[in-house]
Amino acid sequence: MDPVNLNETNKTLPAVNDDIEGQKIEEVDVYDYSKRSQWLRAAVLGANDGLLSTSALMIGIGAVRKDVKTMILTGIAGLVAGACSMAIGEFVSVYSQYDIEVAQFKRENRAKNVEKITMDEAKKEKLPNPFQAAAASAFAFAIGALVPLLAAAFIYDYHVRLGVVVVAVSVALLGFGGVGAFLRRAPLVKSSLRVLIGGWLAMGITFGLTKLIGSTGV
């Protein structure tokens, strides 16, 4: 019997990336959706906050004032103040995260006794962008706040106006919740309903408490 040729045997062995049945396993290119988190979180939160806070303000003032002018002015003030607040808050928050990650990078280099501290382009791209987050948050807040403003702008009947605002905000809440869930690859129905129910609670509580406080004559 001839001796076994190990070289020939090795040539017939299946490749490492073959499975037991000899079928080739294809490599799947999985996209990292966490890369979207910098702007997606700010945009989705900004839109929802603009929609909820502005509509709640308008519904709340509508509990004690029936004229359309007061409601619209309240909504505009809420839009401007909220957009500025969201932008500044997001900028400070993300910039703090940026400083922490840069400081951590420097500590890691010192631990490796690296004299020249440089950061490659791939590392820089992963760092949070405070300007991008602030702009996305403010813009999204304004877009969300425009929904109840436009819904109430041309309706002078008090009860019809309140109903239209609630309906428009409800549809927008479902839309924003659905878009956010789609981009995050999260469950669509569950995420949308969660946002919708939270919005109803915010508007209902604001309306009820403002009505109660207004009825006491404070």
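The values are calculated or read from the model by the stated rules, or taken from the named source; none is laboratory data. Here the structure is a predicted model, which means the values were calculated and not measured. For neighbour counting, all protein chains shown are included, and Cβ atoms are generated from backbone atoms with ideal geometry for every residue, glycine included.
Some points to look at:
- Elements of type helices (runs of 4 or more DSSP H) in the stretch 1-115, at least 1 residues being modelled with pLDDT of 75 or more and over 30 Å from Ile205 (Cβ atoms): 68-111
- Verdict on Leu188 being over 17 Å from Val80 (Cα atoms) and among the hydrophobic types (A, V, I, L, M, F, W, C): yes
- Cβ-Cβ under 6 Å pairs, at least 6 apart or on other chains, the stretch 190-218 side more than 9 Å from Gly60 (Cβ to Cβ), far side among the small types (Gly, Ala, Ser): Ser191/Gly177; Ser191/Ala181; Ser192/Gly177; Ser192/Gly178; Val195/Gly177; Ala202/Ala56
- All of Arg185, Arg194, Arg161 fail the test of being under 22 Å from Ala140 (Cα atoms), basic (Lys, Arg) and either surrounded by 13 or more Cβ atoms within 10 Å (Cβ to Cβ) or modelled with pLDDT of 90 or more (or both), apart from Arg194.
- Residue within the stretch 198-216 that is under 16 Å from Val44 (Cα atoms) and of a type in the set (Val, Ile, Thr) present: no
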